[in-house]
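Q: Take a look at this one; I'll ask things after.
The values are calculated or read from the model by the stated rules, or taken from the named source; none is laboratory data. In this text the structure is predicted, and so the values were computed from the model without any measurement. Glycine gets a Cβ as well: all are built from the backbone with ideal geometry, and neighbour counts include every protein chain shown. Ligands, DNA and RNA are excluded from the accessible area calculation, which covers all protein heavy atoms including side chains. Shrake-Rupley method; radii C 1.70, N 1.55, O 1.52, S 1.80 Å.
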Amino acid sequence: MWEPDGAEGHVGKVGVLLEDGTVPGPVYIDMGSGSYVPSFTDWWYYDGWGRRPLADRMRAVCACGWQGGTTYPIDWKRVPRREPYMYDTSGPERDWEQHTRQVNEAALPLPEDVARLISRIRERLDDIGDDDPLTALRIVGALDTIVDTDGCYATRVATRRHTDEEIATALGSTEKATAARLRRYDSRRYY
């Protein structure tokens, strides 16, 4: 899985397509006796071994539901059996990175002065590092106080004026990740 830088909730991974263009469901592997049969969706499980479906193409997919339009062939002869994650999946990863760039570009930009302040705070926390964890906690605590006070108010005003989709787009996030963030800012809204 690929973790985004800034596009909260937009976690990407390699998805597969079967020869007929369909997206296969999860692969279930019976590990022995017992009622629980785990399922897997990692691309390398679709290798046609046993009764598993055989995927012939891969593409990028995102937790938000986005699917890459470009597909890449899978050469199963070149996929290392014991280390399938070593196979080249850079094409889908580049496509997903382009998707997250578009998400970030659509997000509401921070005012320049605020972006500089946030950058400076991050740099300062990095400078402090392991040398002075108590000062780092004090800084983080001061930021938490601001979030506790202003986050609640901003959440209430924003949710009165905008749809969940508009808020998620403005934050460069998915609706699910945005809901979790807003719940943290204003738990009373989500009773």
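Q: Can you tell which of Asp20, Asp56, Asp30 is acidic (Asp, Glu), farther than 15 Å from Glu97 by Cβ and in a strand (DSSP E or B)?
A: Numbers: Asp20 fails: in a strand (DSSP E or B); Asp30 fails: in a strand (DSSP E or B).
Only one candidate qualifies: Asp56.
Q: Now for a separate question. What residue, of Cys64, Cys152, is closer than 22 Å to Gly9 by Cα, touching a residue at least 12 places away in the same chain (Cβ under 8 Å) and open to solvent by 50 Å² or more (accessible area, probe 1.4 Å)?
A: Values: Cys152 fails: open to solvent by 50 Å² or more (accessible area, probe 1.4 Å).
Testing whether each residue is closer than 22 Å to Gly9 by Cα, touching a residue at least 12 places away in the same chain (Cβ under 8 Å) and open to solvent by 50 Å² or more (accessible area, probe 1.4 Å) leaves just Cys64.
Q: Quick check: is even one residue across region 20-29 under 24 Å from the mean Cα position of the chain (by Cα) and hydrophobic (A, V, I, L, M, F, W, C)?
A: Yes, region 20-29 has at least one match.
Q: Which condition breaks for Pro84 when tested against (1) more than 16 Å from the chain's Cα centre (by Cα); (2) closer than 29 Å to Leu171 by Cα; (3) surrounded by 13 or more Cβ atoms within 10 Å (Cβ to Cβ)?
A: Checking Pro84 against (1) more than 16 Å from the chain's Cα centre (by Cα); (2) closer than 29 Å to Leu171 by Cα; (3) surrounded by 13 or more Cβ atoms within 10 Å (Cβ to Cβ), the one that fails is (2).
Q: Against the definition (in contact (Cβ under 8 Å) with a residue 24 or more places away in the chain, among the hydroxyl-bearing types (Ser, Thr, Tyr) and either loosely packed, with under 15 Cβ neighbours inside 10 Å or closer than 17 Å to Gly6 by Cβ (or both)), how does Ser187 come out, yes or no?
A: Details: in contact (Cβ under 8 Å) with a residue 24 or more places away in the chain: no; among the hydroxyl-bearing types (Ser, Thr, Tyr): yes; either loosely packed, with under 15 Cβ neighbours inside 10 Å or closer than 17 Å to Gly6 by Cβ (or both): yes.
Judged against the criteria, Ser187 is not a match.
Q: Something else now. Just wondering, is there one or more residues in region 100-117 that are modelled with pLDDT of 95 or more and aliphatic (A, V, I, L, M)?
A: yes
Q: Same structure again: How many residues are open to solvent by 70 Å² or more (accessible area, probe 1.4 Å) and within 30 Å of Glu97 (Cα to Cα) when one looks only at region 155-168? Spell out the reasoning first.
A: Here is the first cut: in region 155-168, the ones open to solvent by 70 Å² or more (accessible area, probe 1.4 Å) are 156, 160-166.
Remaining after also requiring within 30 Å of Glu97 (Cα to Cα): 162-166.
So the count comes out to 5.
Q: Only one of these is open to solvent by 70 Å² or more (accessible area, probe 1.4 Å) and within 30 Å of Gly65 (Cα to Cα): Leu171, Leu108, Leu137, Leu182. Name it. Steps first, answer last, please.
A: Working: Leu171 fails: open to solvent by 70 Å² or more (accessible area, probe 1.4 Å); Leu137 fails: within 30 Å of Gly65 (Cα to Cα); Leu182 fails: open to solvent by 70 Å² or more (accessible area, probe 1.4 Å).
Within the list Leu171, Leu108, Leu137, Leu182, the selection yields Leu108.
Q: I've got another one for you. Within region 12-31, work out how many residues are at pLDDT 90 or above, in contact with a helix residue (DSSP H, G or I) (Cβ under 9 Å, 6 or more places away or on another chain) and among the β-branched types (Val, Ile, Thr).
A: Number satisfying all stated conditions: 3.
Q: Quick check: is even one residue across region 58-76 more than 29 Å from Leu171 (Cα to Cα) and either touching a Gly at 6+ places or on another chain (Cβ under 6 Å) or at pLDDT below 95 (or both)?
A: Yes: region 58-76 contains one or more residues that are more than 29 Å from Leu171 (Cα to Cα) and either touching a Gly at 6+ places or on another chain (Cβ under 6 Å) or at pLDDT below 95 (or both).
Q: From the list Leu108, Leu125, which one is over 30 Å from Ala60 (Cα atoms), in contact with a helix residue (DSSP H, G or I) (Cβ under 7 Å, 6 or more places away or on another chain) and either part of a helix (DSSP H, G or I) or of a type outside the set (Asp, Glu) (or both)? Before you say what the answer is, go through the steps one by one.
A: Numbers: Leu108 fails: over 30 Å from Ala60 (Cα atoms).
Testing whether each residue is over 30 Å from Ala60 (Cα atoms), in contact with a helix residue (DSSP H, G or I) (Cβ under 7 Å, 6 or more places away or on another chain) and either part of a helix (DSSP H, G or I) or of a type outside the set (Asp, Glu) (or both) leaves just Leu125.
Q: On the given criteria, is Arg122 surrounded by fewer than 10 Cβ atoms within 10 Å (Cβ to Cβ), of a type outside the set (Phe, Trp, Tyr) and at pLDDT below 95? It would help to see each step written out before you state the result.
A: Working: surrounded by fewer than 10 Cβ atoms within 10 Å (Cβ to Cβ): no; of a type outside the set (Phe, Trp, Tyr): yes; at pLDDT below 95: yes.
In short, no.
Q: For region 78-96, how many residues are touching a residue at least 60 places away in the same chain (Cβ under 8 Å) and either assigned to a helix (DSSP H, G or I) or touching a Leu at 6+ places or on another chain (Cβ under 7 Å) (or both)? Even if it seems obvious, please write down each step before you answer.
A: The initial filter retains those residues of region 78-96 that are touching a residue at least 60 places away in the same chain (Cβ under 8 Å), namely 89, 92-93, 96.
Now restrict to residues that are either assigned to a helix (DSSP H, G or I) or touching a Leu at 6+ places or on another chain (Cβ under 7 Å) (or both): 92-93, 96.
Total satisfying the criteria: 3.
Q: Can you spot a residue in region 32-44 that is open to solvent by less than 60 Å² (accessible area, probe 1.4 Å), over 28 Å from Ala107 (Cβ atoms) and at pLDDT 95 or above?
A: There is at least one residue in region 32-44 that is open to solvent by less than 60 Å² (accessible area, probe 1.4 Å), over 28 Å from Ala107 (Cβ atoms) and at pLDDT 95 or above.
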